[in-house]
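The next block holds one structure in the form of structure tokens; read it before the comments.
What follows draws every value from the coordinates through simple rules; no lab data is involved. This structure is a prediction, so every number in the text was calculated from the model and none was measured. With ideal geometry, Cβ positions are generated from the backbone for all residues, glycine too; neighbour counts draw on all protein chains shown.
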Amino acid sequence: MEYILNGFNSAFNLIFTLDKEFISIVSVSVRISLISTILAGLFGIPLGMWIGTGKFKGRKFMAVVLNTLMSLPTVVIGLTVYSFISRKGPMGNLGLLFTPTAMIIGQFILAFPIVAGISMGGIKNLGDSPLIASRLLGAGGFESMIIFLKEARFIIMTSIIAGFGRVFSEVGVSMMLGGNIRFYTRNITTAIALETSRGEFALSLALGIVLLVIAFIVNMILYRFQGKDT
């Protein structure tokens with residue numbers, strides 16, 4: 001018990017004294033997760049809206065594929081991207097392996113189907129009634145789209161928050177593509193795995209506390225948006 005209490009004491013000391021390595025690890029996690037989620041939103045939301053509101057052949061098949069990709073294991077994504085950007089891969093000459101860019105690529109692939117899938121499902125349930133109503137009131141194509149986006153804003157925000165929560169807590173992609181390099185690609189989850197194996201309980205615990213706090217905040221925001229959307 002004393003070992004655990006000492007660990008918590010040291011963990012809070014690292015947090016409140018803003019330890020250099022602790023801050024670096026947290027900043028890497030937040031920065032890479034934000035960038036990958038923003039990119040996933042830029043590509044995933046339009047795709048989700050297109051599938052959710054479209055009426056074309058193959059729409060159901062695309063929806064099934066998208067829903068399947070939402071549960072894709074992180075290690076599969078890591079392995080796939082690794083095979084492309086490793087030294088012997090087709091993109092090996094770009095030198096992307098074990099860089100923040102490689103982590104962003106992997107996390108983007110992880111977040112993309114989640115953002116697109118949630119957007120697709122929510123917008124499908126919303127239907128095209130906002131577009132029809134706006135056009136009946138005389139709104140043009142651009143104005144109708146703005147009105148539709150306003151109606152779907154909670155759905156869109158929910159998909160983005162869910163995507164961020166997924167990539168922020170993953171470990172497989174970051175470990176395989178980032179290499180867990182100190183002050184460069186080491187993020188919260190990879191640092192916890194490393195420090196725990198080394199017996200550095202205090203830093204692991206401090207990072208675990210931050211991970212739980214941020215995950216709690218993300219889920220509270222998600223809950224509020226889901227509540228407003230319903």
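Run the quick spin-label model on M220 and I4: label points 7 Å from Cα toward the beta carbon, then report their separation in nm to one decimal.
Each label point is offset 7 Å from its Cα along the Cβ direction, giving 2.5 nm.
Rounded to the nearest 500 deg cm²/dmol, what is the calculated helix-only ellipticity per residue at 222 nm for the chain, with -39500 (n - 2.57) per DSSP H run of length n ≥ 4? Please report the intermediate quantities before stating the final value.
Values: 11 runs with 181 residues, N = 230.
It lands at -26000 deg cm²/dmol.
Can you compute the charge dipole magnitude of the chain about its Cα centre, using +1 on each Lys and Arg Cβ and -1 on each Asp and Glu Cβ, nothing else charged? Give it in debye, rounded to the nearest 20.
760 debye
In nm, give the distance between the simple-model label positions of E200 and I38, each being 7 Å from the Cα along the Cα-to-Cβ direction.
2.9 nm
On a full-extension model of 0.36 nm per residue, what is the gain between V30 and K55, subtracting their alpha-carbon distance, rounded to one decimal in nm?
Computed gain between V30 and K55 is 5.2 nm.
Taking every pair of alpha-carbon atoms in the chain, what share in percent sits in each 10 Å bin, from 0 to the bin with the longest distance?
Answer for the chain: a P(r) of 8, 27, 29, 21, 11, 4, 1, 0 percent.
Taking the chain as a Gaussian network, where each spring joins two C-alpha atoms under 10 Å apart, which residue of S174, S24, S197 fluctuates the most?
S197
Please work out the FRET efficiency for the pair L149 and N67, using the Cβ-Cβ distance as r and a Förster radius of 22 Å; give the result to the nearest 0.05.
According to the calculation, E is roughly 0.40.
Sorting check: for 113-123, 161-171, which peptide has the highest mean count of neighbouring beta carbons within 10 Å, and how do the rest follow?
Answer by packing, highest mean first, reads 113-123, 161-171.
Can you give the local net charge around S24? Use residues other than it whose beta-carbon is closer than 13 angstrom to its beta-carbon, Lys and Arg +1, Asp and Glu -1.
+2
Listed highest first by mean packing, meaning other Cβ atoms within 10 Å per residue, what order do 38-47, 5-14 come in?
38-47, 5-14
Pop out the ³J(HN,Hα) list for the stretch 82-92 in order, Karplus 6.51 cos²θ - 1.76 cosθ + 1.60 with θ = phi - 60°, rounded to Hz; leave Gly and Pro as x.
For the stretch 82-92, the Karplus curve yields 4, 5, 8, 9, 5, 4, 8, x, x, 10, x Hz.
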